[in-house]
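What follows is a single structure, written as structure tokens, with notes after it.
Computed from the coordinates by the stated procedures, all read-outs in this text should not be read as laboratory data. Just so it is clear, the model here is predicted, and its values are computed rather than measured. Cβ placement follows ideal geometry from the backbone for every residue including glycine, while neighbour counts extend to all protein chains displayed.
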Amino acid sequence: MFKVRFLFLLIFLSACNVVKINSNFSTRKLTRNSIKNFDYSTPDFQVNYWKGGEGPVIVLLHGFAGNAQLTWKNELLALAKNHTVIAPDLLWFGKSKATLEPNLNNQTIALKQLLNHLKIDTFSVIGQSYGGFLALNLALNNPTFIRQLCIANSPGNTFNKEELTGVAKKYNVENVADLFIFKEAKYLQRLYDLAAYKKHNLPSFLEKQLYDTYFNQHHLALIALMKSLQKEEISVAKNSTLWPIKSLVIWGENDALFSLKEGEKFAASIHADFYSIQKCGHAAQLDQPKLFSKAIVDFFNH
């Protein structure tokens, strides 16, 4: 009987756009809590972002998949109780786009222009994965603007890039970029396996819905963005400028993309506290959402 009910459930879900339903539900929940969606446009780019709450400003920067809402919904709701929260879709993700050359520096420039537009001169920032590289680049070039810095599963400028060769070989791709940028929905399972500690087989209908919503756009720009990140060097010599900033590095102990030792090394280089989460991969929101959110809220509330 259970198998029959489960089969009917799958048939029902496959007929619905589960991803869109979930996104609409998240939008309503954020809006009910006065976290609203906005657009900021210049001749060079358009940034879609979420903003709400009151108090000291926290900027939340997502990784190389999805968008701000998908990544930070729970954290926006929790942090907005005591802070002003701002979570942009980074350029070429979600609803944000640009005519600029895809690279980390242009991401940083667009973010600074958004903050200037909002008349924000001091703030805290959290970046996850790719967003961590952006947060670090922003902080190193503007250390006096940063109140608190949190980096999650992003190895910063001390990373041994040779490790990525092993990751690519393990997942049978030529370049790590191929794990994040692909033109067929079936490869989403591979990305999920990389990101998550807890393994689940994604139904094909869900793969397609997720792919069409979050991955099936800006392919050329994203390839260029990933390649530029692998070539760009963020100066390690500047790390001492971050020592006075209260900082935290959070890591999933079972991260298959960036090893735990790389997180510990980076945390030491910026004199940050280090917090590791057991039974957790590269995307803590998938594996340990409660522990991840608690660690972030506790950090920014003190």
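Each label point was placed 7 Å from the Cα along the Cα-to-Cβ direction; for residue 223 and residue 260 their separation is 3.7 nm.
Within region 174-226, report the trypsin sites (Lys or Arg not before Pro) that DSSP leaves as loop and that have at most 15 other Cβ atoms within 10 Å.
On the way: sites: 183, 186, 190, 198, 199, 208; in loops: 183, 198, 199.
Counting only loop positions with at most 15 other Cβ atoms within 10 Å, the trypsin sites (Lys or Arg not before Pro) in region 174-226 are 183, 198, 199.
Close amide H pairs (under 5 Å, H built 1.01 Å from N) link residue 55 with 84, residues at least 5 positions away or on another chain. Within a straight-line Cα-Cα reach of under 14 Å, residue 73 can be paired with the following aspartates and glutamates, leaving aside sequence neighbours fewer than 8 residues apart in one chain: 89. Overall shape: prolate for region 135-208, with the ratio a/c of the largest to smallest alpha carbon gyration tensor axis at 1.5 or above and a/b above b/c.
Straight Cα distances below 17 angstrom link residue 119 to the lysines 51, with same-chain residues fewer than 8 positions distant left out. Rounded to the nearest whole Hz, the Karplus-based 3J(HN,Hα) values (6.51 cos²θ - 1.76 cosθ + 1.60, θ = phi - 60°) of region 231-240 follow the sequence 9, 5, 10, 9, 4, 5, 4, 7, 4, 5, with x at glycine and proline. Rounded to whole numbers, the Karplus 3J(HN,Hα) couplings from phi for region 200-213 are 9, 7, 7, x, 4, 5, 6, 4, 5, 5, 5, 4, 5, 7 Hz, using 6.51 cos²θ - 1.76 cosθ + 1.60 with θ = phi - 60°, and x at Gly and Pro. When the listed pairs 20/294; 169/199; 20/95; 161/265; 198/294 are checked against a 22 Å cut-off, the alpha-carbon distance exceeds it for 20/294.
Starting from 0.36 nm per residue, how many nanometres of slack lie between residue 32 and residue 230 once their C-alpha separation is accounted for?
Numbers: separation 198, 0.36 × 198 = 71.28 nm, distance 4.01 nm.
Contour length minus Cα-Cα distance gives 67.3 nm.
Given DSSP loops and a limit of at most 16 other Cβ atoms within 10 Å, what is the longest stretch of the chain that contains no such GluC sites (Glu not before Pro)? Please report the intermediate quantities before stating the final value.
On the way: sites that count: 54, 162, 174, 184, 232, 233, 253.
Answer - 55-161.
Send over the Kirkwood Rh of region 199-302, from the inverse of the averaged 1/r over different Cα pairs, rounded to one decimal Å.
On the way: mean 1/r = 0.0607 Å⁻¹.
About 16.5 Å for region 199-302.
Taking amide H positions as modeled 1.01 Å from N, with prolines and chain starts lacking one, the residues under 5 Å from residue 249 and 5 or more places away or on another chain are 151, 273, 274, 275.
Taking every DSSP beta bridge that has both ends in the chain, the antiparallel portion is near 40%.
Legend: residue pairs 97/231; 246/290; 183/208, Cα-Cα distance threshold 18 Å; pairs beyond threshold, 97/231; 246/290.
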